[in-house]
Amino acid sequence: MKKAIFIPIIAVIVIGLSLLGVKHFLDRDEPVLEAAAAVSATQTAPETTVTEPPTTVEYTGIAGKYDHNKYQKKLEDIAKKYHAVGVSVAVIEGDKIIDTFACGEAIKGELPMTEDTKVRIASISKIFLSTALMLSVEEGKMSLDEDIGTYWGFPMGTHAEGDVITPRSILTHTSSIYCSEDVANMYYDTMAKRLKTGSGIKNIVSGNIKNFLYNNYAMDVLGMTVELVTKKNLDDIISEKIYKNLDIDTAFYCGDMKDKSNVASLYQSDGSMVMSAQRMKTWHRGKPGTKAWGFAGGITINVKELGRLAIMLLNNGVYEGKRCLSEETVRTMEYHEGNFMGRYWQCQPLRYEPTKYGQKDFYYHSGSAYGVLSLVGYSRVTGRGVAILTTGARKRAYPKDNIYDEISRLMLNIEAQPVTTTQE
């Protein structure tokens, strides 16, 4: 009798721990669970013609030629459908943000959600991390194809013959680095030990798309690597070319922003607060190369600022006449040949789909953590783009739409309407 009782108890414990593990993954940016929804990477990619980045982007100029209130109402309906606490959106065309929308609350009962509300954007932060890496490459301090052991000062404890962990393999989520969700492993000493001894490295060959596994921790390793090489914090590396040129006040750790007066708290889909704005404001960076837990998803930003990042990428590294990244760097970030994941192509670190949301040649990155669902993307054919930040919305498993899918489909396909005049 005791044995019969004992087995169900063990089963309950195992199931409980499994569920806790799943929740823990969902609390980190773009978990492996989402990537697993993709069809096997061995599937043959459909034929597609990739549009080369043009020197300038031509666009139709729909700004001011449609009913803003009509789309505002539709946005509010979508927010209500997904039970979102707060939503903000920036719509891009060519080299401009043509409109912004917002609804809901940034902090319940205290602060409304607006176009200026700063939200922790989760995995979209990886674009900012990659710009720090790319600027280091542009300056000749790093190479995308160098063994990262060169930068750490010791050989990586790899297990598979021919395994070389490079920045490029990390950008494409194909490195042999084990994914770790333990914050203790995101500081230099423990991170170095895991890499040197091989305890944090899998027995696979990095760079093989068949080994794709969405990996936040490897991105943390990459950010740490960049800081070790440059002896600068990531924020300082991209401050001049990105933050200053795009007029962005952001940081990988919220407490390092200049203006912290309009930061949103983060809410789960049941409406409960998972992370308060006050708590996030206490987070600060350490000395370069000492801690990395803010790199994979810590950027806190508003939709206008995020929209300007998309405009810069869409316009081949230029924003309002200022060169932020080289055109070659942007092409490298968009490069995806051979990296077909079943429903998208993995870039470095963007994603690419030949058709998405009614737009052709669409590059994007999404984010999902702590109740945030976010997306930024742009089309190289139409010159349209979107930046979306949401908190508290219900998340649905692929292939069902999430809130940013419906908003993207709405805002990327705004149609100009005939301008009517009233005769007096």
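No value in this document is a laboratory result; all are computed from the given coordinates. Everything numeric in this text was worked out from a predicted model, so none of it was measured. No Cβ is skipped: glycine too gets one built from the backbone with ideal geometry, and neighbour counts run over all protein chains shown.
Given R₀ = 45 Å, FRET efficiency for Asn413-Gln278 by Cβ-Cβ distance, to 0.05?
0.70
Whole number please: convex hull volume per residue of the Cα set in region 138-232, in Å³?
91 Å³
Sequence-distant or interchain residues sharing an amide H contact under 5 Å with Met275, placed H: which?
Leu266
How big is D for region 350-402, in µm² s⁻¹ as a whole number, if Stokes-Einstein is applied with the Kirkwood radius of its Cα pairs at 25 °C and 0.890 mPa s?
Translational D for this selection: 207 µm²/s.
Compute the Kirkwood hydrodynamic radius of region 282-343, taking the inverse of the mean of 1/r over all pairs of distinct Cα atoms, and give it in Å to one decimal.
14.5 Å is the Kirkwood radius here.
Which of the pairs Lys241/Lys360; Lys258/Lys287; Lys74/Lys126 have their Cα atoms more than 21 Å apart in this structure?
Long pairs (Cα-Cα over 21 Å): Lys241/Lys360; Lys74/Lys126.
Which ³J(HN,Hα) values, rounded to whole Hz and listed in residue order, are derived for region 315-331 from phi using the Karplus coefficients 6.51, -1.76 and 1.60 in 6.51 cos²θ - 1.76 cosθ + 1.60 with θ = phi - 60°, glycine and proline given as x?
9, 6, x, 10, 10, 6, x, 9, 7, 9, 9, 5, 4, 4, 5, 4, 5
Over all distinct Cα pairs, what is the inverse of the mean 1/r for region 113-173, reported as the Kirkwood hydrodynamic radius in Å?
For region 113-173, inverting the mean 1/r across all distinct Cα pairs yields 13.8 Å.
Taking the radius of gyration and the Kirkwood hydrodynamic radius from Cα positions alone, what is the Rg/Rh ratio for region 73-155, to two decimal places?
Looking at region 73-155, the ratio lands at 1.21.
Place the peptides 311-322, 141-152 in order of packing, highest mean first, counting for every residue the other Cβ atoms within 10 Å and averaging per peptide.
Result, highest mean first: 311-322, 141-152.
Can you pull the percent of Cα pairs in region 158-205 with separation above 15 Å?
44 percent
Let's test the formula: R0 of 60 Å, r as the Cβ-Cβ distance of Asp77 and Ala160. What FRET efficiency results, to the nearest 0.05?
0.70
Give me P(r) over region 184-295, computed from all C-alpha to C-alpha distances, binned every 5 Å, as integer percentages.
Reading the bins upward from 0: 2, 10, 16, 17, 18, 15, 12, 8, 2, 0.
Could you pull the Cα extents of region 58-212 along its three principal axes, largest to smallest, in whole Å?
Each principal axis gives a Cα extent; for region 58-212 these are 60, 42, 29 Å.
How are the alpha carbon pair distances in region 290-419 distributed across 10 Å bins from zero to the largest one, expressed in percent?
11, 39, 38, 11, 1, 0
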